[in-house]
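Structure first, commentary second.
The values are calculated or read from the model by the stated rules, or taken from the named source; none is laboratory data. All of these numbers come straight from a predicted model, not from anything done at the bench. Neighbour counts run over all protein chains shown; Cβ positions are idealised from the backbone, glycine included. For accessibility, only protein heavy atoms count, side chains too; no ligands or nucleic acids. Shrake-Rupley method; radii C 1.70, N 1.55, O 1.52, S 1.80 Å.
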Amino acid sequence: MLATAVAADQRLPLGPDWAYEVKWDGVRMLADTRAGVLQLWSRSGRDITMVYPELAGLETIQGAVLDGEVISIHDGRPSFEALSERMGVTDAHHALVLAGRSPVMYMVFDVLMLYGVDLTRHPYAERRATLERLTLPERCSLSPRYEDGAALWEATREHGVEGVVAKRLSSTYQAGRRSPDWVKAAHRHHRAATVCAWRPASTGSGRLASLLLGAPDAEGRIHFLGRAGSGIGSRLAAELTRRLGPLARPDSPFAEPVPAVDAREAHWCEPGVSVEVLYRERTSAGRLRHPVVLGIRDDDTADPWEE
């Protein structure tokens, strides 16, 4: 179940029919123990159990499907950039090394099934009460719930946290749907964007320095969101180079011509790698203003193009 974003000229819904949670800056994940063993699933349906060995204790919760966000704490607050090192790991030993060096937290905020009983048709208030009675294992925590949305909004702004999600107390869990029963608002805007090209540094080193980003529309056409270079350090540049190399193509995958100032020296690639981007706002042409690349997504999904 996905949340609907608050429009620029609107605010979070307030009142006794709603509860409020922190909008965590991490990666959405389902924890599934229905088969008797733990399976961790990304938003795109990819099995990522091996990536987070420190969450193995979730296996003790029987016949369950939990929904939540994997986060990495850096300097006292969730950091997507810090979490990005854990994404896409394919070697179990490497995953164990990273888990020991920078363990993640799983912030659980919903329960879809418990002891084999489907809870998705139960209202959020009941699911939340059930979740609060569970004993969660190490490295897992219940995402706090608040009654005062306005106060939480100000508190998250003050502490540099991404934003707030409002949830209607009577809402069922509507899997696969972006529902108005869950409403999100961010102090700064985040989105997942697909990488369609990269450009080298102007120094002549050949090092990846910036990305040309896009978003798919309903027909699958990719539209240009802009060029982003901020946030791409040496480690991220190396990982992007490794992943984008096999996706090289001779021409642009965008549905429309890319401005020459952005297309210059571009190395085009098939859409197959997505990154998390922080930005101030979108222009009337749909471009991202002041984008910062936070890290590679754990899956290759991108948020859709919005007119």
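Based on what the data block shows, is THR130 in contact with a strand residue (DSSP E or B) (Cβ under 7 Å, 6 or more places away or on another chain) and hydroxyl-bearing (Ser, Thr, Tyr)? Yes.
Could you tell me whether any residue of the range 191-199 is modelled with pLDDT of 95 or more, under 23 Å from LEU83 (Cα atoms), out of contact with any Ser or Thr (no Cβ under 9 Å at 6 or more places or on another chain) and assigned to a strand (DSSP E or B)? Looking for residues that are modelled with pLDDT of 95 or more, under 23 Å from LEU83 (Cα atoms), out of contact with any Ser or Thr (no Cβ under 9 Å at 6 or more places or on another chain) and assigned to a strand (DSSP E or B), one finds none in the range 191-199, hence no. Could you tell me which residue of the range 37-95 is modelled with the lowest pLDDT, considering only residues that are basic (Lys, Arg) and under 22 Å from LEU244 (Cα atoms)? The selected residue is ARG86. Condition check for ASP217 on (1) charged (D, E, K, R); (2) open to solvent by less than 60 Å² (accessible area, probe 1.4 Å); (3) within 22 Å of ASP25 (Cβ to Cβ): one failure, at (3).
Every residue, every condition in (1) more than 19 Å from ILE71 (Cα to Cα); (2) touching a residue at least 24 places away in the same chain (Cβ under 8 Å), yes or no:
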site: TRP153; (1), (2): yes, yes
site: SER170; (1), (2): yes, yes
site: ALA175; (1), (2): yes, yes
site: LYS184; (1), (2): no, yes
site: ARG199; (1), (2): yes, yes
site: THR203; (1), (2): yes, no
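Applying the condition of being open to solvent by less than 50 Å² (accessible area, probe 1.4 Å) and not in a strand (DSSP E or B) to the range 157-168 and asking which residue is nearest to TRP41 (Cα to Cα) yields GLU162.
To keep it simple, each residue is scored yes or no on (1) open to solvent by 50 Å² or more (accessible area, probe 1.4 Å); (2) assigned to a strand (DSSP E or B).
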| position | (1), (2) |
| --- | --- |
| GLY88 | no, no |
| LEU96 | yes, no |
| VAL108 | no, yes |
| MET113 | no, yes |
| LEU134 | no, no |
| TRP153 | yes, no |
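Residues that are open to solvent by less than 50 Å² (accessible area, probe 1.4 Å), outside any loop (DSSP other than H, G, I, E, B) and among the aliphatic types (A, V, I, L, M) within the range 34-59 comprise LEU40, VAL51, LEU55, LEU58, listed in sequence order.
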